[in-house]
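*Asks:* Can you read through this structure? Questions will come right after.
The values are calculated or read from the model by the stated rules, or taken from the named source; none is laboratory data. Everything numeric here is computed off the predicted structure, so don't read it as measured data. Neighbour counts run over all protein chains shown; Cβ positions are idealised from the backbone, glycine included.
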Amino acid sequence: MRDIRKTIAIFIVAMFSAVPVYASTTYLPQSFDFSNNYYTVFGEPNLTATLIGSNEFEKGEQVILSINVLNSGKILGFRTERELDPSDPDYSNRKQLAEKEKNYELQKIDALNVIAVLSVDSGEPLQIKSGPQYIGSIRGGVISSPIQFAIEIDKDAAPGIYKLKLNLSYDFQQDVQVSGNVTRGEDVTNFWYDKLNQNQTIEIKIKKQAEFEVINVTSRDLRVNSEGLVEITYKNTGEEIAKEAVARINVIEPLSSIDDQAFLGTLAPGQKATAVFKIKVDKNAILKPYEISNKIKYSDTRGNTKISDEIITSVVVEPALSLGDKLNENSSMLLISGFLAVVVGTRHYLKKKSFKNSTSLK
């Protein structure tokens, strides 16, 4: 969609080269005489932006969008405004002026001083980190060098298609008028430029992915100068299945992990799994919560290996058992062991006695 915002004119005096010099002004020079036009050319630039590479990204990513801009503008035709009379004494000069104007008019489809601005509607989970990008001039039929915009995707962005707005503003040549004497090098060229804006839509897709959170942590016998067990329950809170998931923890002193990995298997969205880790507590540990770093390694539906964001949980270290607690614990174990021994021994005796009786009967 294009809209003409303003009209500006350029006046270049005493041009001697075949390449026009562009300068900006805000008025139409008084010397610009439409009646001196030899040709009217029809056509204008037409810019199209294309995203280079994949448009699929993950939530929480900071990415660089590379964009090419093609100018597909074409000359649609031209109309002769002044017929030349071979009998005119100034015919040779006018013919050169007409040819010069025609060559300039063919530049009508060139986009000049192109500036690109990327934006997004408020409320979208995207942030544009780059300001306006200056492209320069894009001749008709030419693709620009890539321009780049940095964007940041919110961590809580919902999967789906998001539309970014790319505004391309530029000058283009509206008309040219030449006069003077080419032979003597006293020709004058006037340029009249218009400003155009084109709006493009760049679509990006935020992919579905597995996400995890810890919903429960329990510990058993996690005491100073001892070994204990920590059970951690994970839940897939994302939108995609996680295959061959493995939980891995990392602890710091005074804790150390005897086994730091646990296989969780396949977790569909909403599913839970519990992992058990054996942790050793140093004798110098104090009684306070200690952090545990959790990460989940898994395969997504495309077979790519992924690692989740870090999840921080904590456990509390309990005091070491006193001598009396240990004796009570050992006494209880001895009683249980003794009871089991009596049960097993009695059973063995009765079984042996029964075997002897059956033998004597024979």
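*Asks:* Please work out which residue is farthest from residue 150 (Cα to Cα), limiting yourself to the range 24-60 and to residues that are modelled with pLDDT under 95 and of a type in the set (Asp, Glu).
*Replies:* Filtering the range 24-60 for residues that are modelled with pLDDT under 95 and of a type in the set (Asp, Glu), the one farthest from residue 150 (Cα to Cα) comes out as 33.
*Asks:* Only one of these is in contact (Cβ under 8 Å) with a residue 12 or more places away in the chain, among the aliphatic types (A, V, I, L, M) and outside any strand (DSSP E or B): 75, 67. Name it.
*Replies:* 75 is the lone residue from the list that is in contact (Cβ under 8 Å) with a residue 12 or more places away in the chain, among the aliphatic types (A, V, I, L, M) and outside any strand (DSSP E or B).
*Asks:* Checking the condition in contact with a helix residue (DSSP H, G or I) (Cβ under 6 Å, 6 or more places away or on another chain) and assigned by TED's automatic domain parsing to the domain that holds residue 193, which residue from 140, 136 passes?
*Replies:* Of 140, 136, the one residue that is in contact with a helix residue (DSSP H, G or I) (Cβ under 6 Å, 6 or more places away or on another chain) and assigned by TED's automatic domain parsing to the domain that holds residue 193 is 140.
Every residue, every condition in (1) under 21 Å from residue 202 (Cα atoms); (2) crowded, with 19+ Cβ neighbours inside 10 Å, yes or no:
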| site | (1), (2) |
| --- | --- |
| 106 | no, no |
| 113 | no, no |
| 116 | yes, yes |
| 125 | yes, no |
| 129 | yes, no |
| 138 | yes, yes |
| 143 | yes, no |
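*Asks:* For residue 286, which of the numbered conditions (1) exposed (fewer than 13 other Cβ atoms within 10 Å of the Cβ); (2) at pLDDT 95 or above fails to hold?
*Replies:* (2)
*Asks:* Can you go through 241, 202, 249 and tell me which one is within 29 Å of the chain's Cα centre (by Cα), more than 30 Å from residue 40 (Cα to Cα), surrounded by 14 or more Cβ atoms within 10 Å (Cβ to Cβ) and in the same structural domain as residue 102 (by TED's automatic domain parsing)? Outline the logic, then answer.
*Replies:* Numbers: 241 fails: in the same structural domain as residue 102 (by TED's automatic domain parsing); 249 fails: in the same structural domain as residue 102 (by TED's automatic domain parsing).
That would be 202, the only listed residue that is within 29 Å of the chain's Cα centre (by Cα), more than 30 Å from residue 40 (Cα to Cα), surrounded by 14 or more Cβ atoms within 10 Å (Cβ to Cβ) and in the same structural domain as residue 102 (by TED's automatic domain parsing).
*Asks:* Looking only at the range 67-83, decide whether some residue is at pLDDT 95 or above and on the phi > 0 side of the Ramachandran plot.
*Replies:* The answer is no, given that none of the residues of the range 67-83 is at pLDDT 95 or above and on the phi > 0 side of the Ramachandran plot.
*Asks:* Taking the range 242-269 only, how many residues are assigned to a loop (DSSP other than H, G, I, E, B) and out of contact with any Gly (no Cβ under 7 Å at 6 or more places or on another chain)? Let's see the steps before the verdict.
*Replies:* The first filter runs over the range 242-269 and keeps only residues assigned to a loop (DSSP other than H, G, I, E, B), leaving 251-254, 258-260, 268-269.
With out of contact with any Gly (no Cβ under 7 Å at 6 or more places or on another chain) added as a condition, the list becomes 251-254, 258-260, 268.
Residues in the range 242-269 being assigned to a loop (DSSP other than H, G, I, E, B) and out of contact with any Gly (no Cβ under 7 Å at 6 or more places or on another chain): 8 in total.
*Asks:* So which residues in the range 259-274 are within 18 Å of residue 219 (Cβ to Cβ) and in contact with an Asp or Glu (Cβ under 7 Å, 6 or more places away or on another chain), if there are any at all?
*Replies:* Passing the criteria: only 274.
*Asks:* Anything in the range 149-166 that is part of a strand (DSSP E or B) and either on the phi > 0 side of the Ramachandran plot or surrounded by 13 or more Cβ atoms within 10 Å (Cβ to Cβ) (or both)? List them, or say none. Show your work before the answer.
*Replies:* Going residue by residue through the range 149-166, those that are part of a strand (DSSP E or B) are 149-153, 160-166.
Within the range 149-166, 149, 150, 151, 152, 153, 160, 162, 164, 165, 166 qualify.
Residues are listed down the side, and each one gets a yes or a no for (1) crowded, with 18+ Cβ neighbours inside 10 Å; (2) β-branched (Val, Ile, Thr):
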residue: 168; (1), (2): yes, no
residue: 189; (1), (2): yes, yes
residue: 221; (1), (2): no, no
residue: 229; (1), (2): no, no
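*Asks:* Using beta carbons and a limit of 8 Å, which pairs, at least six apart or on different chains, have the first residue in the range 176-195 and in contact (Cβ under 8 Å) with a residue 24 or more places away in the chain and outside any strand (DSSP E or B) and the second one among the hydrophobic types (A, V, I, L, M, F, W, C) and buried (at least 21 other Cβ atoms within 10 Å of the Cβ)?
*Replies:* What qualifies is 180/97; 182/97; 187/97; 187/178.
*Asks:* I want to confirm something. Restricting to the range 291-319 and keeping residues that are more than 16 Å from residue 230 (Cα to Cα) and among the basic types (Lys, Arg), which single residue is surrounded by the fewest Cβ atoms within 10 Å (Cβ to Cβ)?
*Replies:* 302
*Asks:* Name the residue, out of 225, 190, that is polar (S, T, N, Q) and either in the same structural domain as residue 301 (by TED's automatic domain parsing) or over 29 Å from residue 105 (Cα atoms) (or both).
*Replies:* 225
*Asks:* Any chance the range 98-120 includes a residue that's at pLDDT 95 or above and assigned to a loop (DSSP other than H, G, I, E, B)?
*Replies:* yes
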